[in-house]
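Participant: Handing you a structure now.
The values are calculated or read from the model by the stated rules, or taken from the named source; none is laboratory data. The model shown is predicted, which means the values in this text are computed figures rather than measured ones. Because the Cβ atoms are built from the backbone with ideal geometry, glycine has one as well, and the counts that use them run over all protein chains shown.
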Amino acid sequence: MGHGTTEDKELQSAISRAMDAIQENAWRGIQLLKRLIPRKYKTYGAENLRKINLPNGWRLIYFIGKNEAVTVSTILEWLDHKNYERRFKY
């Protein structure tokens, strides 16, 4: 049996489901306004940032890029609500 709290396991499961959803349809997440993209993310080439809301106020942040003829989704991080607000200066 795995270790961790019930909340940790719920978050892990939600992240896994979100990753599966992104794999099926990269455009699934909510698009964030370009003016809100933090400089930190722009260093990774993130020009079309998206998020998926997870349980308990967590957010999964990713962007969609192109690698030759292939669409590539890159997960940058997942944050709790407090850190999400700090990152995006809400």
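Participant: Being touching a Lys or Arg at 6+ places or on another chain (Cβ under 8 Å) and at pLDDT below 95 is the filter; apply it to segment 64-80 and report the residue that is surrounded by the fewest Cβ atoms within 10 Å (Cβ to Cβ).
Facilitator: V72
Participant: Another question about this same structure. Please specify each residue of segment 67-81 satisfying the condition of being over 19 Å from E24 (Cβ atoms) and touching a residue at least 12 places away in the same chain (Cβ under 8 Å).
Facilitator: L76, E77, L79, D80, H81 - these are the residues of segment 67-81 that are over 19 Å from E24 (Cβ atoms) and touching a residue at least 12 places away in the same chain (Cβ under 8 Å).
Participant: If you check I64 against the conditions, is it part of a strand (DSSP E or B) and without any contact (Cβ under 8 Å) to a residue 40 or more places away in the chain?
Facilitator: Yes; evaluated as a whole, the condition is true for this residue.
Participant: Looking at K51, is it without any contact (Cβ under 8 Å) to a residue 12 or more places away in the chain and not acidic (D, E)?
Facilitator: No; evaluated as a whole, the condition is false for this residue.
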